[in-house]
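Okay, structure first, notes after.
The values are calculated or read from the model by the stated rules, or taken from the named source; none is laboratory data. Predicted model, so just to flag it, every value in this text is computed and none were measured. All Cβ positions, even for glycine, are placed from backbone atoms using ideal geometry, and neighbour counts span all protein chains on display. For the accessible areas, the whole protein counts, side chains as well, though only heavy atoms, and no ligand, DNA or RNA atoms are used. Shrake-Rupley method; radii C 1.70, N 1.55, O 1.52, S 1.80 Å.
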Amino acid sequence: MEVIFRNVSFTYNKGLESEKRALSNVNLCLESNLIHGIIGPIGSGKSTMLELMNGVTKPTEGKVIIGKYDLSKSKGFNFNKFRYDVGLVYQFPEKQFFCRNVGEEISFSEKIFEPKNKNIKQKVIKVLKMVGLDESYLKRSPFSLNGGEKRRVAIASVLISNPKLLIMDEPTIGLDNNSKLKLMKLLKNLKAKYNKTIIIVTHDVDMLYEIVDNVVVLNDGKVIKEGNKQEVFSNVELLDENNTPVPNVVRVEKIIYDKTGVDLGYLGGINDLVRAVANHGK
Ligand code: ADP
Ligand code: MG
């Protein structure tokens, strides 16, 4: 599902003394079936952008269009349908757990919105598998799980309504390395196998670099740069100027270039870097 921002501005507390313009004239077209990253320093407007994609917050100016939904309109906007197509995973989603077991936790929204659905258990098992867990988790308390498992259960509880677009705020925050690697694999899988479009807001650019297709750099409410990962991350000076983190792979490649003049070319991730360094001079 495509996400379009057309001349979007957003101001908090408009008309008050505390008025704050968080986004200024943002124009973007985030294509379907890709992983998009939104990066930028604290206060640059990342969370505000996500808020504008939730169907509740409206832009002060401009239009936000997701697939067939024009979110800037209050009239005629079918929120009930929209919530099936777009799933939002907030920071620390597992903090909102309150059910006795994983099965209930995942099926909670489905039971509320689709009380007549008889196939809920099948659906729960399906999404558990999508996130790399299995039926043995159904009866376990969500509170007994480790951090990575909790995060995956939270994602499963969003996936149960089969959204085409998955929007995530800092998905790797608070996860240990192993859980992080599993989550990265899961996100790649959701794109490749289940045709999801995924938008990720994150400071974790090392994680992002391994999985992302397209990157948006925000600073002070404006889009500084947008493009595929190679275009965006090859411009280290621009990222530094805008106080935006640079992936280690890119940083190391630049140091090698600056010190030796050796250009390792486009590297898709850490494995490419290791390979390029190992092969160099052979
Ligand atoms: P980010 O997620 O990139 O850190 P935010 O979107 O949260 O940035 O914030 C963008 C700007 O809007 C910041 O200057 C922030 O202080 C301001 N802001 C965010 N939320 C509110 C709010 N509820 N009321 C007033 N200002 C806000
Ligand atoms: Mg934020």
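Identify all residues within segment 139-186 that are in a loop (DSSP other than H, G, I, E, B) and closer than 23 Å to Glu110 by Cα; write none if there are none.
Hits for segment 139-186 are Lys139, Arg140, Ser141, Leu145, Ile160, Ser161, Asn162, Pro163, Lys164, Pro171.
Tell me the strands (runs of 3 or more DSSP E) entirely within segment 197-241 that contain at least 2 residues that are out of contact with any helix residue (DSSP H, G or I) (no Cβ under 9 Å at 6 or more places or on another chain).
Details: elements: 197-201, 214-219, 222-228.
Output list reads 222-228.
What about Val250, is it touching a Leu at 6+ places or on another chain (Cβ under 9 Å) and in a helix (DSSP H, G or I)?
When the stated conditions are applied, Val250 passes them.
Matching residues to (1) more than 26 Å from Asn27 (Cβ to Cβ); (2) open to solvent by 70 Å² or more (accessible area, probe 1.4 Å):
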| position | (1), (2) |
| --- | --- |
| Lys63 | no, yes |
| Gln91 | yes, yes |
| Glu110 | yes, no |
| Lys118 | yes, yes |
| Val131 | yes, no |
| Arg140 | yes, yes |
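Return yes or no: is Lys259 touching a helix residue (DSSP H, G or I) at 6+ places or on another chain (Cβ under 7 Å) and either surrounded by fewer than 19 Cβ atoms within 10 Å (Cβ to Cβ) or not in a helix (DSSP H, G or I) (or both)?
Here the answer is no, as Lys259 does not meet what is asked.
Filter segment 36-61 for residues that are more than 13 Å from ligand 1 (Cβ to nearest atom) and either open to solvent by 40 Å² or more (accessible area, probe 1.4 Å) or not assigned by TED's automatic domain parsing to the domain that holds Glu226 (or both) and give the result.
Listed by number, the residues that qualify are Val56, Lys58, Glu61.
Determine whether segment 226-244 contains at least one residue that is β-branched (Val, Ile, Thr), crowded, with 18+ Cβ neighbours inside 10 Å and within 30 Å of Gly67 (Cα to Cα).
Checked segment 226-244: at least one residue is β-branched (Val, Ile, Thr), crowded, with 18+ Cβ neighbours inside 10 Å and within 30 Å of Gly67 (Cα to Cα).
Taking only segment 1-20 into account, find how many residues are surrounded by 15 or more Cβ atoms within 10 Å (Cβ to Cβ), of a type outside the set (Phe, Trp, Tyr) and in a strand (DSSP E or B).
Residues that pass the stated criteria total 6.
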